[in-house]
Every structure is written in C-alpha cells, then in structure tokens.
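What follows is a single structure, written as structure tokens, with notes after it.
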Amino acid sequence: MEPEIFVELVKRMKGKITITALCQLFGVSRATYYRWTHRKDLGKLTPLEEAVRRLCFQHKFRYGYRKITALINQEYKVNKNTVQKIMQKYHWNCRVKMKKRSKVGQPYPVVENKLNRQFSSDAPLKKLVTDITYLPFGKNQLYLSSIMDLYNGEFIAYTISDKQDTDFVLDTFDQLPQTTDCLLHSDQDSVYTSFNYQNQIKKGITMSRSRKGTPSDNACIESFHASLKSETFYLDGLTNEPTSIVIEIVKKYITYYNESRIQQKLDYQSPIDYRKSAV
C-alpha cells in the first residue's frame with residue numbers, strides 16, 4: 001500500500017479502529033507508519049497539489065489526470081500535463097483496471113438490430129439500452145438488470161435480484177416513465193426473447209437486439225457494468241461480502257454515476273447535470 005493512502009486511511013478511521021489494528025490488518029509495522037507520517041512530501045503540498053490530492057481521494061482513484069484536470073478547471077485554469085506530473089510524483093494515478101473481454105464467436109443476425117451501434121441520441125427517452133450482469137461478490141449470487149438512456153448515459157431504472165428470470169427484467173422495465181416513439185435495445189438473452197417479456201412491452205416502444213455473440217452491439221451498458229465492478233469490488237478487493245453490502249455498494253455507485261461521475265463526452269459533466277443544463 002502507498003504511504004499516503006495508508007496515512008489517510010488511519011486519519012479517516014480515527015476513533016473507530018486503533019492504529020495497531022490497522023497496521024496488523026495491512027501488514028505495516030507501527031514504526032513504518034510513524035515514519036510515513038513524518039515524511040516531508042506529505043506535509044508540504046502546494047495548493048495545486050493539495051487540490052489534486054483531495055480530488056483523487058474523493059473519487060477513490062477512479063479518475064485519470066484528464067478528468068482531475070477538468071474538475072480543477074471548474075475553479076481555475078491548470079495545464080493537464082502539470083496535473084499528470086503531480087499524480088505521477090505522489091503515485092495518485094488512476095488505479096482502476098478494466099477487465100478485458102475476449103471475443104466470443106462469430107456474429108450472425110437473428111433479430112433485427114435497429115440500434116445498429118448508433119449510440120448517440122438528441123433527446124431523452126428516445127434510445128434506451130438494457131442488460132443483465134452478474135454480481136459474484138457476495139455469499140449469494142446476485143444479478144443486476146439496468147436500463148440506460150443513451151441521451152446522457154443516465155441510469156433511469158434498475159433491479160437487483162437473486163433470480164434471473166422474466167419477472168426480474170419486467171420489474172426494471174416497469175420503472176420506466178411514460179414515453180412514446182422509444183427504441184429499447186437488449187442482447188439476445190432468453191429473458192429478453194421470451195414471449196412473456198415481449199408481450200408486456202408497452203405501446204410506443206420498439207424493440208432492438210444485438211447480434212448473437214456480439215457484446216459490442218450493446219457497448220455502452222457493457223462498459224458501465226465493467227466500470228461498476230472495476231471501480232468498486234475489484235478496486236477494493238471485495239469478493240465475499242454479505243448480500244446487503246453488495247446491494248448497498250451497487251446502489252451507491254449508480255447514484256454516484258448519475259449525479260457525480262463526470263464524462264468527457266458530456267463536456268465533463270455528470271449525466272444528470274448534463275440533462276439539466278440542456279433544459
């Protein structure tokens with residue numbers, strides 16, 4: 001563990017966990033910890049270095065230097081190369097590593113792909129994408145069903161369950177607001193191709209599906225699910241948590257993603273801020 005991260009952790013846990021217990025938990029001797037607390041480079045940060053440090057810790061090292069620069073530039077101008085050098089100097093670089101997906105099979109059309117990788121939308125609730133992902137991080141297997149609005153990447157509906165069935169995805173679908181002339185894109189999972197699911201689709205919604213074995217046809221929501229896991233469970237090494245904790249982590253991340261996580265394609269705004277600014 002990096003010295004500055006451990007020192008910051010001890011500060012945050014003061015009064016909750018003793019220094020000795022934290023040192024034993026992370027395999028750091030007390031002498032090493034106290035040596036780290038007296039490091040000169042931790043106590044004499046410039047205002048810009050302190051701003052970079054604060055944002056890196058605030059966003060749990062999910063952001064690279066470009067996004068950190070964009071956040072600082074909301075208050076005053078700074079060059080991205082300067083921010084990059086500061087992050088490298090203090091080892092504050094982004095620590096999220098996306099899981100690489102191997103290519104699966106050869107695509108072939110089964111149901112018409114009306115979205116056809118046109119992932120941009122000029123208005124809310126016109127192009128929606130949905131998918132299911134596994135949450136294998138607790139004592140019980142959980143699943144997340146979610147729906148994203150391609151207008152701003154906002155998650156407008158989601159359900160967490162221990163059963164992957166048609167009722168599960170319909171619970172998500174039923175959360176959608178009333179809309180007309182809307183395209184809803186999914187993959188060819190059996191729950192989406194079931195008669196019950198298709199029979200429940202509201203009027204005014206047109207179905208679209210990915211080609212079989214082609215996750216890139218639903219790349220936006222696939223990318224979100226990868227970010228969700230990489231920026232929470234994988235980043236913090238969580239593999240066997242109580243069901244309630246897994247659910248809480250997912251809910252908090254979706255709120256964070258919608259309300260706070262800036263995106264370059266949204267002019268460095270969060271999905272909700274982007275939607276509100278366009279009104």
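Bear in mind that the values in this text are calculations on the coordinates, not laboratory data. Every value quoted in this text rests on a predicted model; they were computed, and no experiment measured them. Here the Cβ positions follow ideal geometry from the backbone for every residue, glycine too, while neighbour counts run over all protein chains shown.
Quick one: in segment 54-93, which of the residues that are over 23 Å from ASP236 (Cα atoms), β-branched (Val, Ile, Thr) and touching a helix residue (DSSP H, G or I) at 6+ places or on another chain (Cβ under 7 Å) is surrounded by the fewest Cβ atoms within 10 Å (Cβ to Cβ)? Ranking the candidates gives VAL78 first.
Pick from TYR256, TYR274: which is within 11 Å of the chain's Cα centre (by Cα), on the phi < 0 side of the Ramachandran plot, aromatic (Phe, Trp, Tyr) and assigned to a helix (DSSP H, G or I)? If you could, list the steps in order and put the result at the bottom.
Values: TYR274 fails: within 11 Å of the chain's Cα centre (by Cα).
Going through TYR256, TYR274 in turn, just one is within 11 Å of the chain's Cα centre (by Cα), on the phi < 0 side of the Ramachandran plot, aromatic (Phe, Trp, Tyr) and assigned to a helix (DSSP H, G or I): TYR256.
With the structure loaded, tell me whether PRO215 is touching a helix residue (DSSP H, G or I) at 6+ places or on another chain (Cβ under 7 Å) and more than 23 Å from GLN58 (Cα to Cα) or whether it fails that test. Answer is yes for this residue. Applying the set (1) charged (D, E, K, R); (2) under 16 Å from the mean Cα position of the chain (by Cα); (3) surrounded by 15 or more Cβ atoms within 10 Å (Cβ to Cβ) to ARG211 leaves exactly one unmet item: (2).
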